[in-house]
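Notes follow once the structure below has been shown.
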Amino acid sequence: MSAITLTLNEELVTARQGQTILEVAREHSIHIPTLCYLEGLEEMGGCRLCMVEVQGSARPVPACITKAQEGMVVATDSETITEYRRMIVELLLAERNHTCAVCVQNGSCELQTLAARLGVDHVRFDYLHQQLSMDASRERFALDHNRCVLCLRCVRTCDAVEGAHTWDVRGRGVTSRIVADLDRPWGESVSCTDCGKCVQLCPTGALFRKGATVGEMVKEREFLMRLLERRRAIQGRQS
Amino acid sequence: MTRAELAELAEKEQVQRDAKKLRLLVCCGTPCLAAGSEAVVAALRQKLAESGSPAELEVVGTGCLGPCSRGPLVTVQRKGTPDMVYERMDPQQAVALLDAYLAAASLPQQNLLPEDLPFFRRQQRVVLQTCGLIDPEDIQQYIGHGGYEALAQVLHEMTPEEVCDGVTASGLRGRGGGGYSTGLKWQLVQKGTGSRKFVVANGDEGDPGAYMDRSLMESDPHRVLEGMAIAGYAVGAEQGYIYVRGEYPLAAQRLKTAIRDAERMGVLGSRVLDSNFSFRVDIRIGAGAFVCGEETALLASIMGRRGQPRIRPPYPAQSGLWGCPTLINNVETFGNIAAIFTMGPAAFASIGSGKSRGTKVFALCGEVCNTGLIEVPMGMPLREIIYDIGGGLPGGAAFKAAQTGGPSGGCIPASKLDTPVDYEHLQELGSIMGSGGLIVMGEKSCMVDVARFFMEFCLDESCGKCVPCRTGTIEIYRLLTRLCNGSAAARDLENLEKLCHLVKDTSLCGLGSAAPNPVLSTLHWFRDEYEAHLTDRRCPAGVCGMDVKPLHLMAEELLQRVVASRVNGEAF
Ligand SMILES: Cc1cc2nc3c(=O)[nH]c(=O)nc-3n(C[C@H](O)[C@H](O)[C@H](O)COP(=O)(O)O)c2cc1C
Ligand code: SF4
Ligand code: SF4
Ligand code: FES
């Protein structure tokens, strides 16, 4: 693969052709906040937290999808960008109920960590106070719509890694909801294999193990890359 | 059918048409149908039958003629005299017309539109040239007006590269909103590599107030099909899809008829016009989502997936339907193609101004005397469109603003009435050409309320994939609501502007990134109105209720009541 050179935060760096800006930044220990992105899953570009400035582009671009190009000049942070990221986190906090004090994920939640890192100390927007339901019909796991940020990690994992495609999205706009099997209670889903991958990858307390109490839900995400690498190795041996 | 047979048929049609002494064209576009034109056609046909169906008389149900608020419209064509257009006809009046003719009396003057009505005189009809003149369900009538001749010419005289070059030379730009050069797009797809290629016509048209594409599909479906077939030949595609908005059943049905007839005639299907080119068109019906007009969402919908946009690049021209190079154009864009080749690219390019070539169809509506469908050369000043063609505002009311581009566009104030209407000038004013909705507003419209209306539309239509659009639009809507009901605080206006920039800059697709335009443009031109709402709690246009108090006023009131109750020694 051919190498390219680009400027990242005023430093010249080299990258491989085909790498995204986010991958290059991570290799150079530059932090870009992300939420919907998860290494190993197909990018969806939905949360818009990874937006960075590229010289010559009228609008910021999502680092998780945009490929690094020869001669590109990228700034991963600026006053505007930081403010935008803060507003996006505030919008997420205002959209549903994120009362950390009573959440299973308190202390190890990706949304909470993002908010802290970006210095979100209050939300300037109206809380939408949507009264959403909780689906606790499955034996081992539960889904609390109030904590869901619609990152679709669960949908993407279930489809591409587990191959069950239990999860999908219903509705649109602010009324979008995660649904199991054409919108039935999770407990009645016939496609769900109870593998728990979605639960482990969910960034917030939306998907959790039943019985967990406040702050008890610590998730293990490393399994995804381990699994994918093993699969790749097996495929390599077979072909 | 061969090219010679096509020409023969066209000539035969023309001779037959010329042999008629009287033709009554009844507009059967959706607005006229709603006004009762079906009954008019039935009454006229019955009358004809009663009088022995004379061969020199004909009643035709046509597509849309344009001045839709005046329907049902009846056009009288008599040999040797200019066409006469009657407005607001009911069955009795229409039959009276026919009676007068049969009795060799002079035709009634009642309901007759003046011959030199600027509404018609100032228009230049290229895309709509046969709209309102032919029966959209009769392919022979289209052929009789030179239909499919351009396709024959292209297939037999030009290479695909030459066709792309011709479109480029015409200067045609996409009529779906973006205004990207159509020729360049065709060249991209033509050069693209893939096992198959596709041509897609975008007839989703979801903007409130716009119905140009519907009228075109309903009134002249073959013109769209011909444009698609030429595109198919130019880019090397054998399959086309036409994506019709679900709310347009009549358009879908007429397209279906048109496709069937065109295949029977051999102008679509395999071996088109006896050449080696085959082209099939299928219809896909949308399910009522504005976002499915966005090209990547539309393609997802055609493939049976959830209609949600994805990040570009890759553009559809590189990777569209099932990963193959796909040409997607608006139906009006396709409606221009045949004309480019019949009149020649240079003649086409001579219409219009600057970088905007050709004509544009607008749906003129709102507070204007003549509402309806119009087609004007690009670059016509807004004033002429509104005052000459539109006849100004009813009762001579003062003009306040014109909204173009629907929920993705903006408002143009009275001080800019002389702006030429083309892509560049509208963009300079913070609006867009959009697909062609043009809403005229007078002093009775409140700009904050207008912005709020469009924001409500966007929040409802957001697909929910990305955060700024999904949640940002609803928060913008709330801030606007506060301004409209009188409960806004100073910080709200500041937050509103910040939020608009966030949504504009960071949304994934065009829906979100253009959603703040109506707010930003009204903030730019009518900031005083926003400030009147905020500081004086007053709506200058008298539209907004202003019936909620801001929180700080409530707190003050409460305090006063508490103090008063203490002074009076009452329990609070
Ligand atoms: C939210 C949204 C809605 C759109 N709706 C339409 C539409 O109804 N009709 C249309 O032709 N283009 C629509 N577009 C533009 C298309 O994405 C695309 O640019 C267009 O069909 C390309 O055709 P053109 O080059 O002929 O304009 C829409 C775009 C966005 C972002
Ligand atoms: S349930 Fe969790 S993983 Fe799934 S979309 Fe919601 S937040 Fe993302
Ligand atoms: S901008 Fe709106 S419509 Fe477009 S992808 Fe984002 S949420 Fe969906
Ligand atoms: S991480 Fe890039 S858009 Fe969410």
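The values are calculated or read from the model by the stated rules, or taken from the named source; none is laboratory data. In this text the structure is predicted, and so the values were computed from the model without any measurement. Note that each Cβ is placed from the backbone with ideal geometry, even for glycine, and that neighbours are counted across all protein chains shown. Accessible surface is based on the protein model in full, side chains and every heavy atom, while ligands, DNA and RNA are left aside. Shrake-Rupley method; radii C 1.70, N 1.55, O 1.52, S 1.80 Å.
Calculate the FRET efficiency for B:R527 and A:D121 from the Cβ-Cβ distance with a Förster distance of 30 Å, rounded to the nearest 0.05.
Working: r = 31 Å, r/R0 = 1.03.
Computed FRET efficiency for B:R527 and A:D121: 0.45.
If r is the Cβ-Cβ distance from B:A39 to A:I234 and R0 is 60 Å, what FRET efficiency results, to the nearest 0.05?
Details: r = 72 Å, r/R0 = 1.21.
The calculated FRET efficiency here is 0.25.
When the helix-only estimate is applied to chain B (DSSP H runs of n ≥ 4, each -39,500 (n - 2.57), divided by the residue count), what is the mean residue ellipticity at 222 nm, nearest 500 deg cm²/dmol?
Numbers: 23 runs with 252 residues, N = 572.
Value at 222 nm, helices only: -13500 deg cm²/dmol.
Return the tail of the calculated pair distribution for the protein assembly as shown, meaning the percent of Cα-Cα pairs more than 35 Å apart. Could the numbers behind the result be given before it?
Numbers: 183236 of 328455 pairs.
For the protein assembly as shown, the fraction of Cα-Cα distances above 35 Å is 56 percent.
List the GluC sites (Glu not before Pro) in the stretch B:1-63 that DSSP assigns to loop (not H, G, I, E or B) and whose Cβ has at most 15 other Cβ atoms within 10 Å. Which are they? Don't skip to the answer; put the middle values down first.
Numbers: sites: B:E5, B:E8, B:E11, B:E13, B:E38, B:E50, B:E56, B:E58; in loops: B:E56.
Answer in residue order: B:E56.
Antiparallel as a % of all DSSP beta bridges within chain B, to the nearest 5? List each step's numbers first, then the result.
On the way: 29 of 56 bridges.
Expressed as a percentage, antiparallel bridges in chain B total about 50.
Heavy atoms only, 1.4 Å probe, whole protein assembly: order A:H129, A:H165 by accessible area, highest first.
Details: A:H129 140, A:H165 80 Å².
These residues rank, largest area first, as A:H129, A:H165.
Considering only protein heavy atoms and a probe of 1.4 Å, how much of the accessible area of the protein assembly as shown is carbon and sulfur, as a whole percent? Spell out each step's value before the answer.
Working: 16650 of 33020 Å².
Carbon plus sulfur share of accessible area: 50 percent.
How high is the relative contact order of chain B, in percent, with contacts defined as C-alpha pairs under 8 Å that are six or more residues apart?
Values: 1196 pairs, mean separation 72.4, N = 572.
Taking the mean separation of contacting Cα pairs over the length of chain B, I get 13 percent.
For the stretch B:186-200 and the stretch A:93-132, what is the separation of their C-alpha centers, rounded to whole Å?
Cα centroid to Cα centroid, the span is 46 Å.
Might you work out the accessible area of B:D460 for me, using a 1.4 Å probe with all protein chains in place, and round it to the nearest 10 Å²?
About 90 Å², rounded to the nearest 10.
Kindly identify residues of the stretch A:66-96 having a loss of at least 50 Å² in accessible area between the isolated chain and the assembly of all protein chains, probe radius 1.4 Å.
Checking the loss per residue gives A:Y84, A:M87, A:L91.
How big is the stretch B:135-238 in terms of Cα radius of gyration and Dmax, in angstroms?
Rg, Dmax (Cα atoms, Å): 14.6, 42.
Enter the buried accessible area of the B/A pair, total of both sides, probe 1.4 Å, in Å² rounded to the nearest 100. Write down the numbers at each step before the final one.
Details: alone 22920 and 12820 Å², together 33020 Å².
Accessible area lost upon association: around 2700 Å².
With only alpha-carbon pairs counted, each pair once and no self-pairs, how large is the Kirkwood hydrodynamic radius of the stretch B:459-572 in angstroms? Numbers along the way, then the final one.
Values: mean 1/r = 0.0633 Å⁻¹.
Here the Kirkwood hydrodynamic radius works out to 15.8 Å.
Per 0.36 nm of contour for each residue apart, how much would the distance between A:A3 and A:V190 grow if the chain were fully extended, relative to their Cα-Cα spacing?
Details: separation 187, 0.36 × 187 = 67.32 nm, distance 4.74 nm.
Result for the pair: 62.6 nm of gain on full extension.
Dipole magnitude of the stretch B:472-572 about its Cα centre, charges +1 at Lys/Arg Cβ and -1 at Asp/Glu Cβ only, in debye to the nearest 20?
In total the dipole reaches around 140 debye.
Rounded to the nearest 0.05, what FRET efficiency do A:A101 and A:S78 give with R0 = 35 Å and r taken as the Cβ-Cβ distance? Could you check? The partial results should precede the final answer.
Numbers: r = 33 Å, r/R0 = 0.95.
E between A:A101 and A:S78, to the nearest 0.05, is 0.55.
Can you list the HN-Hα couplings for the stretch A:96-107, worked out from phi with the Karplus curve (6.51, -1.76, 1.60; θ = phi - 60°), rounded to whole Hz and with x for Gly and Pro?
So the J values, rounded to whole Hz, are 10, 9, 10, 7, 4, 4, 10, 10, 4, 8, 3, x.
Only residues of the stretch A:69-104 count here: report those whose backbone N is under 18 Å from the spot 7 Å along Cα→Cβ of A:R209, or say none.
A:103-104
Once Rh for the stretch B:330-489 is found with the Kirkwood sum over Cα pairs, what is the Stokes-Einstein diffusion coefficient at 4 °C and 1.567 mPa s, in µm²/s? The partial results should precede the final answer.
Details: Rh = 17.2 Å.
Approximately 75 µm²/s, per Stokes-Einstein.
If one computes the Cα centroid of the stretch B:271-307 and of the stretch B:79-145, what distance in Å separates the two points?
Cα centroid to Cα centroid, the span is 35 Å.
Summarise the long-distance tail of P(r) for chain B by giving the % of C-alpha pairs beyond 44 Å. Numbers along the way, then the final one.
On the way: 38423 of 163306 pairs.
So the portion of pairs separated by more than 44 Å is 24 percent.
Report the dimensions of the stretch A:3-77 along its three principal axes from the alpha-carbon atoms, largest first, rounded to Å.
28, 26, 19
Compute the long axis of helix A:79-95 from its Cα atoms, compare it with the longest principal axis of the Cα atoms of chain A, and write down the angle in degrees, 0 to 90, nearest 10.
Helix A:79-95 and the main axis of chain A meet at about 10 degrees.
Run the dipole for chain A about the Cα centre, Lys and Arg Cβ at +1, Asp and Glu Cβ at -1, nothing else charged, and hand back the magnitude in debye, nearest 20.
With only Lys, Arg, Asp and Glu charged at Cβ, the dipole is about 540 debye.
Once both axes come from the Cα atoms, what is the angle between helix A:223-238 and the longest principal axis of chain A, in degrees from 0 to 90, rounded to 10?
It works out to around 70 degrees.
With each pseudo-label sitting 7 Å past Cα toward Cβ, what's the A:Q55-B:A19 distance in nm, one decimal?
About 7.5 nm separates the two model spin labels.
How many angstrom lie between the C-alpha centres of the stretch B:10-29 and the stretch B:437-504?
So the two Cα centres are separated by 51 Å.
How big is D, in µm² s⁻¹, for the stretch B:433-499 by Stokes-Einstein at 10 °C and 1.306 mPa s if Rh is the Kirkwood radius over C-alpha pairs? Spell out each step's value before the answer.
Working: Rh = 13.1 Å.
In µm²/s, the coefficient rounds to 121.
Keeping every protein chain in place, order B:R527, B:R566 by accessible area at 1.4 Å, biggest value first, i.e. largest first. Walk me through the numbers before you get to the answer.
Details: B:R527 85, B:R566 180 Å².
Order by accessible area, largest first: B:R566, B:R527.
For the stretch B:468-572, which GluC sites (Glu not before Pro) are in a loop by DSSP, counting at most 15 other Cβ atoms within 10 Å? All intermediate terms of the calculation are to be shown ahead of the outcome.
Working: sites: B:E475, B:E494, B:E497, B:E529, B:E531, B:E556, B:E557, B:E570; in loops: B:E570.
When the GluC sites (Glu not before Pro) of the stretch B:468-572 are filtered for loop state and at most 15 Cβ neighbours within 10 Å, B:E570 remain.
Obtain the nm distance between the two label points defined at B:A100 and B:K444 by a simple spin-label model: each point lies 7 Å from its Cα along the Cα-to-C-beta direction.
It is 3.3 nm.
Hey, can you find the accessible area per residue of the protein assembly as shown for me, probe 1.4 Å, expressed in square angstrom? Mind showing how you got there, number by number?
Values: 33020 Å² over 811 residues.
Value for the protein assembly as shown: 41 Å² per residue.
Radius of gyration and Dmax for chain A's Cα atoms, expressed in Å?
Calculated on Cα positions, Rg and Dmax stand at 19.1, 56 Å.
Taking 0.36 nm per residue of sequence separation and subtracting the Cα-Cα distance, how much length would be gained by fully extending the chain between B:K12 and B:N568, in nm to one decimal? Kindly include the intermediate steps, with their values, before the conclusion.
Working: separation 556, 0.36 × 556 = 200.16 nm, distance 9.80 nm.
Gain on extension, B:K12 to B:N568, equals 190.4 nm.
In 5 Å bins starting at zero, report the fraction of Cα pairs in the stretch B:23-100 per bin as a rounded %.
All Cα pairs considered, the percentages come to 4, 18, 30, 25, 15, 7, 1.
Quick check: pseudo-label points 7 Å beyond the Cα along Cα→Cβ at B:R88 and B:S69, how many nm apart are they?
1.2 nm
About its Cα centre, what dipole magnitude does the stretch B:52-165 give when the only charges are +1 on Lys and Arg Cβ and -1 on Asp and Glu Cβ, stated in debye to the nearest 20?
Details: 7 positive and 16 negative charges, 129 e Å.
That gives the stretch B:52-165 a dipole magnitude of about 620 debye.
Once every DSSP H run of n ≥ 4 in chain A is given -39500 (n - 2.57) and the sum is divided by its residues, what mean residue ellipticity at 222 nm do you get, rounded to the nearest 500 deg cm²/dmol?
Details: 6 runs with 58 residues, N = 239.
Calculated from helices alone, the mean residue ellipticity at 222 nm is -7000 deg cm²/dmol.
I'd like the per residue volume of the convex hull spanned by the Cα atoms of the stretch B:357-445, given in cubic angstrom. Intermediate results must be reported in sequence, preceding the final value.
Values: hull volume 6.9 nm³, N = 89.
Here the figure is 77 Å³ per residue.
Place +1 on the Cβ of every Lys and Arg and -1 on the Cβ of every Asp and Glu in the protein assembly as shown, take the dipole about the Cα centre, and give the residue among B:L298, A:M134, A:L22 whose Cα lies farthest towards its positive end.
Of the listed residues, the answer is A:M134.
Put +1 on the Cβ of each Lys and Arg and -1 on the Cβ of each Asp and Glu in the stretch B:270-363; which of B:P309, B:V272, B:G344 then has its Cα farthest toward the positive end of the dipole?
Projecting each Cα onto the dipole axis, the largest value belongs to B:P309.
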